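Here's the structure, in structure tokens; my notes come after.
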Amino acid sequence: MSLLGSLASFFSQPQVERSTDSFVSGGKPIRVDRFLPTSDRSYPAVIALYGSTGMSESFADGPARMLAGQGYAVQLQHYFDRTGTTDQPSAAEMRELFPEWMGTIGDAISYASALPKVEEDQIALVGFSLGAYLALATGATDPRVKAVIDFCGGMPAELLARNPKLPPTLVIHGENDRSVPVAEARKIEGLARRTNSVCEMKIYPGEGHHLSMMTMLDAGQRVPEFLRRHLLDGAGSLPPR
């Protein structure tokens with residue numbers, strides 16, 4: 001689809017309703033921002049996981065609303081609430097808190113699965129940087145995850161060494177990323193090859209860790225197309241992992 005076509009599609013999308021909710025994980029209330037098309041039908045769920053700098057309002061009101069308008073129940077997950085994290089964590093803190101955050105993402109999947117307008121067997125994770133590490137790690141260990149979108153992330157070395165099978169995965173990375181080197185994306189590609197997992201990858205030349213607006217527009221076309229093929233069209237047709 002062309003850029004003009006994408007913009008036309010955006011402005012013709014159905015209305016999207018935003019709401020807030022919470023669930024308990026590890027004894028802590030975990031906030032959820034939900035975006036849902038205003039209709040009576042049920043939808044596949046996409047759980048979005050921010051990076052180490054946390055959630056931005058522009059992300060919540062932009063891509064989340066746009067994706068919801070294309071027929072998804074989008075859930076922006078405040079997983080930092082589990083650990084009371086308010087500032088950008090250090091590398092050591094991220095390693096230490098990673099298992100707790102993964103536990104909360106598992107609880108987020110359970111929460112989403114129980115919602116009345118969500119297709120419980122069609123749940124995807126999309127993560128950015130740290131959130132992408134969490135999305136890939138959860139997708140590799142939780143069979144409820146049917147697709148993963150990885151923006152500028154990777155997989156913890158300990159898990160990667162176990163050669164887990166991935167759900168269908170889309171890897172999006174900047175070639176000049178200095179925060180998470182593009183070699184991490186290549187490792188996911190190699191893992192998918194070794195385990196016969198479905199993996200699509202798009203490396204953007206000249207891009208760093210924070211992707212430009214034009215690159216995000218291109219990625220914004222790839223994500224719903226990937227989800228359509230592997231979450232919607234592929235529902236029920238993939239072998240169990």
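The values are calculated or read from the model by the stated rules, or taken from the named source; none is laboratory data. Remember, it's a predicted structure, so these values are computed and weren't measured experimentally. Please note: Cβ atoms are built from the backbone with ideal geometry, for glycine as well, and neighbour counts cover all protein chains shown. All accessible areas refer to the heavy atoms of the entire protein, side chains included, with ligands and DNA or RNA removed. Shrake-Rupley method; radii C 1.70, N 1.55, O 1.52, S 1.80 Å.
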Discussion item. Can you tell me which residue is farthest from GLU17 (Cα to Cα) among those in the stretch 47-103 that are among the small types (Gly, Ala, Ser) and in a helix (DSSP H, G or I)?
Written reply: ALA92
Response to the item:
In the stretch 127-142, anything closer than 16 Å to GLU100 by Cα and open to solvent by 20 Å² or more (accessible area, probe 1.4 Å) is listed as TYR133, THR141, ASP142
Worksheet item: Can you pull out the residues in the stretch 198-207 that are surrounded by 16 or more Cβ atoms within 10 Å (Cβ to Cβ) and either among the small types (Gly, Ala, Ser) or more than 24 Å from PRO164 (Cα to Cα) (or both)?
Response: TYR204, GLU207
Item to complete: Would you be able to say whether some residue in the stretch 45-57 is of a type outside the set (S, T, N, Q), open to solvent by 40 Å² or more (accessible area, probe 1.4 Å), out of contact with any Cys (no Cβ under 6 Å at 6 or more places or on another chain) and without any contact (Cβ under 8 Å) to a residue 24 or more places away in the chain?
Response: yes
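Per-residue answers, yes or no, for (1) open to solvent by 20 Å² or more (accessible area, probe 1.4 Å); (2) among the hydrophobic types (A, V, I, L, M, F, W, C):
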position	(1), (2)
ASP107	yes, no
LEU115	yes, yes
VAL118	no, yes
ILE123	no, yes
ARG144	yes, no
LEU160	yes, yes
ASN163	yes, no
PRO167	no, no
ARG178	yes, no
Item to complete: Could you check, for the stretch 226-237, whether at least one of its residues is more than 15 Å from the chain's Cα centre (by Cα) and of a type in the set (A, V, I, L, M, F, W, C)?
Response: yes
Worksheet item: Inside the stretch 212-234, can you point out the residues that are under 26 Å from LEU159 (Cβ atoms) and either touching a Gly at 6+ places or on another chain (Cβ under 6 Å) or among the small types (Gly, Ala, Ser) (or both)?
Response: ALA219, GLY234
Worksheet item: Within the stretch 62-73, how many residues turn out to be open to solvent by 20 Å² or more (accessible area, probe 1.4 Å) and in contact (Cβ under 8 Å) with a residue 24 or more places away in the chain?
Response: 5
